[in-house]
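The values are calculated or read from the model by the stated rules, or taken from the named source; none is laboratory data. All figures in this text were calculated on a predicted structure; none of them were measured in a lab. Note that we place each Cβ from the backbone using ideal geometry, even for glycine, and neighbour counts take in every protein chain shown.
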Amino acid sequence: MIETDWLWGLAGGALIGTAGAIFLLMNGRVMGASGLVGGIVDGTDRGMWRETAAFLGGLILAPALLRPVFATETHLTDSLPLILVAGLMVGFGSRLANGCTSGHGVCGISRLSLRGIVATAVYIGAGGVVMALLRHLWGVI
Amino acid sequence: MLRAVSAGVAGAVFGLGLVVSGMTDTTKVQGWLDVFGDWDPTLAFVMGGAIVPMAVAWRVAARRRVSVLGTALPRLGPQRLDPGLIWGSVLFGAGWALAGLCPGPALASLSFGGTGGLAFFAAMLVGMLAAAPFRAALRRAAAPT
């Protein structure tokens with residue numbers, strides 16, 4: 001049985017891929033969220049910071065403007081320590097790996113990049129193991 | 001100017017896609033990783049839906065010298081599976097499971113994610129800054145001597 005959420009996922013995914021296609025074919029750049037934010041944070045972006053900032057601005061503003069139409073919640077955990085540890089790991093790990101779900105996942109797999117495919121397999125695997133341990137074995141999350 | 005407009009449009013479409021697909025909802029992301037619980041396959045549909053237009057774009061890019069706005073197109077670098085890629089992905093995946101957020105959705109949900117979302121974003125920036133010296137060391141190690 002196909003569920004509605006899966007179809008929304010497919011439609012939203014097509015939009016994400018279209019965004020990546022625009023960024024690649026128009027701006028000549030890879031749409032990786034961690035690389036775009038990280039490049040501004042550590043100053044490696046340099047000459048591109050203006051268009052990078054425009055990209056990030058659109059990424060933050062579009063969902064804000066769409067609130068009346070798509071009112072979704074994040075259902076983020078209430079545990080501040082958990083949030084902070086998770087944020088540190090996501091920021092540090094994605095920069096060390098040079099990519100996250102958008103860069104290695106969407107953009108890497110679609111060009112059959114070995115690094116993208118391996119990274120995606122590793123972070124999904126690691127996420128699955130952590131989820132199994134922390135939710136089912138220790139009941140933390 | 002045109003480059004900034006095009007980048008802004010791409011960012012907006014990305015943000016729209018993340019909200020529409022449900023990827024700003026941490027329960028859906030954690031549900032995808034929760035193989036032994038109430039597994040939610042939505043993320044696979046999002047990935048599949050995104051990879052198709054992106055694969056077409058890469059094919060188009062391969063036949064062009066520069067982008068429409070005249071910048072160099074990114075070419076595939078050496079496919080080294082270095083420790084940074086592996087251990088960085090392990091850490092990233094673990095953090096992703098802990099809160100159910102990765103960098104794209106963290107940005108897309110900034111306007112409605114409350115103080116928790118802001119705290120995650122701030123911690124993520126600190127993590128990215130902390131990774132800078134390690135990235136530099138990896139680059140030095142990879143450089144031909």
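Do we find a residue being more than 7 Å from chain A (Cβ to nearest Cβ), closer than 17 Å to A:Y123 by Cβ and in contact (Cβ under 8 Å) with a residue 24 or more places away in the chain anywhere in segment B:59-81? Within segment B:59-81, not a single residue is more than 7 Å from chain A (Cβ to nearest Cβ), closer than 17 Å to A:Y123 by Cβ and in contact (Cβ under 8 Å) with a residue 24 or more places away in the chain.
So that you can scan it fast, the table gives a plain yes or no per residue for (1) assigned to a helix (DSSP H, G or I); (2) crowded, with 24+ Cβ neighbours inside 10 Å; (3) more than 8 Å from chain B (Cβ to nearest Cβ); (4) of a type in the set (S, T, Y):
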| residue | (1), (2), (3), (4) |
| --- | --- |
| A:S34 | yes, yes, no, yes |
| A:F70 | no, no, no, no |
| A:T77 | no, no, no, yes |
| A:G127 | yes, yes, no, no |
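Annotation: of all residues in segment A:38-60 being facing chain B (nearest Cβ under 7 Å) and more than 16 Å from the chain's Cα centre (by Cα), the one that is surrounded by the fewest Cβ atoms within 10 Å (Cβ to Cβ) is A:R50. Among the candidates A:L61, A:L84, the residue that is part of a helix (DSSP H, G or I) and either over 30 Å from A:G28 (Cβ atoms) or small (G, A, S) (or both) is uniquely A:L84.
Selection of segment A:11-45 for residues being modelled with pLDDT under 95 and either touching a Gly at 6+ places or on another chain (Cβ under 8 Å) or of a type in the set (F, W, Y) (or both) yields A:T44, A:D45. The residue list A:G108, A:G91 contains one member that is more than 7 Å from every other protein chain (Cβ to nearest Cβ), in contact with a helix residue (DSSP H, G or I) (Cβ under 6 Å, 6 or more places away or on another chain) and among the small types (G, A, S), which is A:G108. Counted as qualifying within segment B:1-100 are the helices (runs of 4 or more DSSP H) with 2 or more residues that are within 16 Å of A:R29 (Cα to Cα), namely B:2-21, B:42-62.
Scanning segment B:102-120 finds one or more residues that are at pLDDT 95 or above, more than 7 Å from chain A (Cβ to nearest Cβ) and crowded, with 21+ Cβ neighbours inside 10 Å.
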